[in-house]
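Heads up, the thing below is written out as structure tokens.
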Amino acid sequence: MSIWICKTCGAHFAPSDVCPSRCLICEDERQYVPEVGQQWIAREALAATHANEWSELEPGLTGISVVPDVGIGQRTLLLQSPHGNVLWDCTAMLDGKTRDRIQELGGLKAICLSHPHFYTGMVEWSEALGGVPILLHESDLAYVQRPSELITPWQGDRLEVLPGIALHRLGGHFDGSSVLEWRAGADGKGVLLVGDTIHVVADRRWVSFMYSFPNVIPLPAREVRRIADRAAALHFDRIYGPWKEKFIPAGAKESVARSAERYIRLLES
Ligand SMILES: [Zn+2]
Ligand SMILES: [Zn+2]
């Protein structure tokens, strides 16, 4: 039996002798099935040809990605705090060195997911790191393709994961799309880890909000307004997106407010 992984989105599937026939995440209108059709790779084959790469982002925050890229090139963020460590979002592969290094740093208290495009290898990461709870919003449970008792759905709009570290469901991209607020980040000015909920664009003074990025489907004005209103109440000055160039070092709260205003103005003009 193998764990099969969707090559397009990096999602893991329940163990099976044969590869799956479809991937719900890719068939959803926010993603796509490539023209050559859905393709799969077994976990062992992936592990034999790929490795994790670490990069320090700021004190207490490290990016971990898979090289070469798998799926959409997801990166996971390891957040270290005096109350324990949390993993934000996930990648399709965890190598032994990374597992050992995280354990040396004190292990994890939880794995927090922004939305299904980052579910990838969440069950593998949790199992390898002591079976820590996988916190994902219950609204998106239908997209879980490798069920596990470690998955701990949460409800509502806010969940304090550890002191000073909270999940906020802002919605938009997915019903359960969430961000992680880290109040001590950026020297106490606050950091927001955003997944695809808030998207740092090419001009890094700005962000955007989309229902689908690959298929370029916008969100309604009321959703953008709601996301911006919720974000305005959070404590942050810096944003880290899923890839290294998706980064606003300072003034990020103003960027979100200004960008939402521009987006809504264009939709409604
Ligand atoms: Zn997929
Ligand atoms: Zn996404």
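T197 - would you say it is of a type in the set (S, T, N, Q), buried (at least 16 other Cβ atoms within 10 Å of the Cβ) and at positive phi? No, not satisfied. Among residues of region 8-51 being among the basic types (K, R) and crowded, with 17+ Cβ neighbours inside 10 Å, the one that is nearest to ligand 2 (Cβ to nearest atom) is R30.
Criterion applied to A252, A186, A233, A228 was being touching a helix residue (DSSP H, G or I) at 6+ places or on another chain (Cβ under 7 Å) and at pLDDT 95 or above, and the one residue passing it is A228. Say whether the condition of being crowded, with 18+ Cβ neighbours inside 10 Å and in a strand (DSSP E or B) is met by at least one residue in region 250-264. No, because not a single residue in region 250-264 is crowded, with 18+ Cβ neighbours inside 10 Å and in a strand (DSSP E or B). Tallying residues that are of a type in the set (V, I, T), within 14 Å of ligand 1 (Cβ to nearest atom) and part of a loop (DSSP other than H, G, I, E, B) within region 11-37 yields 2.
Any residue at all in region 59-75 that is over 18 Å from P242 (Cβ atoms) and either touching a residue at least 12 places away in the same chain (Cβ under 8 Å) or in a helix (DSSP H, G or I) (or both)? Yes; the residues of region 59-75 include at least one that is over 18 Å from P242 (Cβ atoms) and either touching a residue at least 12 places away in the same chain (Cβ under 8 Å) or in a helix (DSSP H, G or I) (or both). Output the number of residues of region 96-140 satisfying the condition of being aliphatic (A, V, I, L, M), over 18 Å from R43 (Cβ atoms) and away from ligand 2 (no atom under 16 Å from the Cβ). Summing the residues that are aliphatic (A, V, I, L, M), over 18 Å from R43 (Cβ atoms) and away from ligand 2 (no atom under 16 Å from the Cβ) in region 96-140 gives 6. Inspect region 173-188 for any residue being on the phi > 0 side of the Ramachandran plot and either part of a loop (DSSP other than H, G, I, E, B) or within 16 Å of ligand 2 (Cβ to nearest atom) (or both) and give the result as yes or no. No, because not a single residue in region 173-188 is on the phi > 0 side of the Ramachandran plot and either part of a loop (DSSP other than H, G, I, E, B) or within 16 Å of ligand 2 (Cβ to nearest atom) (or both). When region 38-55 is limited to residues that are outside any strand (DSSP E or B) and among the hydrophobic types (A, V, I, L, M, F, W, C), the one that is nearest to L94 (Cα to Cα) turns out to be A47.
Taken across region 108-115, residues that are closer than 19 Å to T8 by Cα, in contact (Cβ under 8 Å) with a residue 60 or more places away in the chain and either basic (K, R) or in a helix (DSSP H, G or I) (or both) do not occur at all.
Residues in region 141-161 that are among the charged types (D, E, K, R), loosely packed, with under 11 Cβ neighbours inside 10 Å and in a loop (DSSP other than H, G, I, E, B): E149 alone. Being farther than 16 Å from R99 by Cα, touching a strand residue (DSSP E or B) at 6+ places or on another chain (Cβ under 8 Å), of a type in the set (V, I, T) and crowded, with 17+ Cβ neighbours inside 10 Å is a property that does not hold for V66.
Given the structure, is A166 farther than 30 Å from Y32 by Cα, of a type in the set (A, V, I, L, M) and in a loop (DSSP other than H, G, I, E, B)? Taking the combined requirement at face value, the residue does not satisfy it. Take the conditions (1) charged (D, E, K, R); (2) under 18 Å from A166 (Cα atoms); (3) more than 15 Å from ligand 2 (Cβ to nearest atom); R225 misses just one of them, which is (2). Under the condition of being farther than 24 Å from D28 by Cα and touching a strand residue (DSSP E or B) at 6+ places or on another chain (Cβ under 8 Å), the residues counted in region 139-155 number 1. When every residue of region 97-120 is checked against the conditions, at least one turns out to be among the aromatic types (F, W, Y), within 16 Å of ligand 1 (Cβ to nearest atom) and surrounded by 14 or more Cβ atoms within 10 Å (Cβ to Cβ).
The values are calculated or read from the model by the stated rules, or taken from the named source; none is laboratory data. Predicted, not measured: the structure shown is a model, and the values here were computed from it. Cβ atoms come from the backbone with ideal geometry, glycine included; neighbour counts cover every protein chain shown.
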